[in-house]
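Visitor: My structure is below; once you've seen it, I'll send some questions.
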């Protein structure tokens, strides 16, 4: 199985975890299941606003969660699963591994994304690590690792995560452009970049490498510089 994160879903996921850092974030994942490629296509992330947050756990309000799930058709997407974060706790380094509580809370056929987040000490580019099955990289002052899990009986499986937008973040870094400099890019270039990023995501979803689109994005950023 492959987990495909769109740029909108990725940004919402990361910002939700950064917003409440050093407490745990949690919420719902929305999207579609693409049968012919065995892919979970994550299009939206909705954080829980009323959860009880602590450094090492987060409690959902079940009735409110059910209310959210019952009205997801407003988003024209299906419920996929949940996400939560494991933030750095003093000197304790967070991981994306399922804790025993995480495993006990997951039911049959459940799907969960875990994001570990800690303070940045050294920048690293975004990359998917096959050995640990983590999508890993940096945003701002934080190091983040993302893992995806499903449960089948007593078995918990981790899955490959594909997020084309991380290639764009790597390219921003390559061109020495800070993400918060987006508003300084002229509007025509912004619109062109959005179109190219959307086209690149679509190409990656169809298992095309999208190399020519990345070159166009790089040229647009070079002209911006």
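The values are calculated or read from the model by the stated rules, or taken from the named source; none is laboratory data. Computed from a predicted model, the values in this text were never measured in an experiment. Positions of Cβ are backbone-derived with ideal geometry, glycine not excepted, and every protein chain shown enters the neighbour counts.
Visitor: Restricting the first residue to the stretch 121-138 and requiring it to be within 11 Å of residue 161 (Cβ to Cβ) and assigned by TED's automatic domain parsing to the domain that holds residue 13, which pairs with a second residue that is buried (at least 16 other Cβ atoms within 10 Å of the Cβ) and at pLDDT below 95 meet a Cβ separation below 7 Å and a spacing of at least six or different chains?
Guide: 126/169
Visitor: In the stretch 32-43, which residues are within 11 Å of residue 81 (Cα to Cα) and either outside the structural domain of residue 111 (by TED's automatic domain parsing) or touching a helix residue (DSSP H, G or I) at 6+ places or on another chain (Cβ under 7 Å) (or both)?
Guide: The answer is 42, and nothing else.
Visitor: Same structure, new question: Restricting attention to the stretch 136-148, report how many residues are surrounded by fewer than 20 Cβ atoms within 10 Å (Cβ to Cβ) and either in contact with a helix residue (DSSP H, G or I) (Cβ under 7 Å, 6 or more places away or on another chain) or not in a strand (DSSP E or B) (or both).
Guide: Qualifying residue count for the region: 4.
Visitor: Given (1) in contact (Cβ under 8 Å) with a residue 12 or more places away in the chain; (2) farther than 29 Å from residue 80 by Cβ, identify the lone condition not met by residue 181.
Guide: (1)
Visitor: Now, a different point. From the set of residues in the stretch 16-52 that are assigned to a helix (DSSP H, G or I) and touching a strand residue (DSSP E or B) at 6+ places or on another chain (Cβ under 9 Å), which is surrounded by the fewest Cβ atoms within 10 Å (Cβ to Cβ)?
Guide: In this case the residue turns out to be 19.
Visitor: Being surrounded by 12 or more Cβ atoms within 10 Å (Cβ to Cβ) and farther than 18 Å from residue 158 by Cβ is the filter here, so list the residues in the stretch 94-123 that pass it.
Guide: In the first step, residues of the stretch 94-123 are kept if they are surrounded by 12 or more Cβ atoms within 10 Å (Cβ to Cβ); the result is 94-99, 102-103, 105-106, 110-118, 120.
The answer is 117, 118, 120.
Visitor: Of the conditions (1) at positive phi; (2) loosely packed, with under 12 Cβ neighbours inside 10 Å; (3) at pLDDT 95 or above, residue 133 clears all except one; give me its number.
Guide: (2)
Visitor: From (1) under 24 Å from residue 84 (Cα atoms); (2) in a helix (DSSP H, G or I), pick out the condition that doesn't hold for residue 190.
Guide: Going through (1) under 24 Å from residue 84 (Cα atoms); (2) in a helix (DSSP H, G or I) one by one, residue 190 breaks only (1).
Visitor: I'm trying to understand the selection: among the residues of the stretch 149-180, which are part of a strand (DSSP E or B) and loosely packed, with under 12 Cβ neighbours inside 10 Å?
Guide: 152, 155, 157 - these are the residues of the stretch 149-180 that are part of a strand (DSSP E or B) and loosely packed, with under 12 Cβ neighbours inside 10 Å.
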